[in-house]
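Asks: I have a structure I would like to understand better, so I am pasting it below and will then ask my questions one at a time.
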Amino acid sequence: MSIAWGSLLVVCVVSLAVGVAVVALVAFALVGLSARAARTVGGPDDGAAPPLSAAAGTAVAALCLLAVAAIVGYGLYVIIA
């Protein structure tokens, strides 16, 4: 019995990249959703307008979460099929 080291390396690299991508997409979704929050006066931004509008932030969050769902769904499909 032998180990295909090249294939094992490919699996490790792809799983690391997908793990980082999922975490980054969820983080971007949270940033997009935070655009909906009201800024308080006296805080670090002192009532400044958010860099994204509420609609744009929601759209960014929705796209990021859809991408995460697609990645997770494809992973489950590969495992099951």
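Here, each number is a calculation from the coordinates, and none is a lab measurement. Because the structure is a prediction, the values reported are computed rather than measured. Using ideal geometry, Cβ is built from the backbone for each residue, glycine included, and neighbour counts are taken over all protein chains shown.
Asks: Going by average Cβ density within 10 Å per residue, which order do the peptides 61-67, 13-19 take, highest to lowest?
Replies: 61-67, 13-19
Asks: Which value does Rg/Rh take for the chain over its C-alpha atoms, Rh per Kirkwood?
Replies: Looking at the chain, the ratio lands at 1.24.
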